[in-house]
1. Restricting to the stretch 32-41, what's the tally of residues that are open to solvent by 50 Å² or more (accessible area, probe 1.4 Å) and over 12 Å from the mean Cα position of the chain (by Cα)?
2. Would you confirm whether or not the stretch 42-52 contains a residue that is more than 12 Å from the chain's Cα centre (by Cα), at pLDDT 90 or above, surrounded by 10 or more Cβ atoms within 10 Å (Cβ to Cβ) and part of a helix (DSSP H, G or I)?
3. Could you tell me how many of the residues in the stretch 50-69 are in contact (Cβ under 8 Å) with a residue 24 or more places away in the chain and in contact with a strand residue (DSSP E or B) (Cβ under 9 Å, 6 or more places away or on another chain)?
4. Could you please find all residues in the stretch 8-31 being open to solvent by 70 Å² or more (accessible area, probe 1.4 Å) and within 11 Å of A64 (Cα to Cα)?
5. Do we have P9 as in a loop (DSSP other than H, G, I, E, B) and either of a type in the set (D, E) or modelled with pLDDT under 90 (or both) here?
Amino acid sequence: MDTSPADPPRLTCTAFDGTRLLASGGLAEVALAAKGLVLANQPEPLIFDDATGRRIELDLHGSAAQLLE
């Protein structure tokens, strides 16, 4: 009998740069895409949880490694 816990559902989200789709997928990959936009001195994109539609706010001002912690 397998007693390992079930894998938690993966948080997926979508980021928009204005009306343009920036990235969609797992939180880490979307966060890194958003970080790239900030590094290019662009406004922070809007990021939404795909399951709930709620906005996700991330601190994009640290390094990429800090972002993924």
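The values are calculated or read from the model by the stated rules, or taken from the named source; none is laboratory data. Every value quoted in this text rests on a predicted model; they were computed, and no experiment measured them. Methodologically, a virtual Cβ is constructed for each residue, glycine included, from the backbone with ideal geometry; neighbour enumeration extends over all protein chains shown. What goes into the accessible areas is simple: the full protein's heavy atoms, side chains included, and nothing from ligands, DNA or RNA. Shrake-Rupley method; radii C 1.70, N 1.55, O 1.52, S 1.80 Å.
1. The first filter runs over the stretch 32-41 and keeps only residues open to solvent by 50 Å² or more (accessible area, probe 1.4 Å), leaving 32, 39-41.
Still in the list and also over 12 Å from the mean Cα position of the chain (by Cα): 39-41.
Result for the stretch 32-41: 3.
2. No, every residue in the stretch 42-52 fails to be more than 12 Å from the chain's Cα centre (by Cα), at pLDDT 90 or above, surrounded by 10 or more Cβ atoms within 10 Å (Cβ to Cβ) and part of a helix (DSSP H, G or I).
3. As a first pass, look at the stretch 50-69 and keep what is in contact (Cβ under 8 Å) with a residue 24 or more places away in the chain: 50-51, 56, 58, 60, 64, 67-68.
With in contact with a strand residue (DSSP E or B) (Cβ under 9 Å, 6 or more places away or on another chain) added as a condition, the list becomes 50-51, 56, 58.
Residues flagged as in contact (Cβ under 8 Å) with a residue 24 or more places away in the chain and in contact with a strand residue (DSSP E or B) (Cβ under 9 Å, 6 or more places away or on another chain) within the stretch 50-69 amount to 4.
4. E29
5. Values: in a loop (DSSP other than H, G, I, E, B): yes; either of a type in the set (D, E) or modelled with pLDDT under 90 (or both): yes.
When the stated conditions are applied, P9 passes them.
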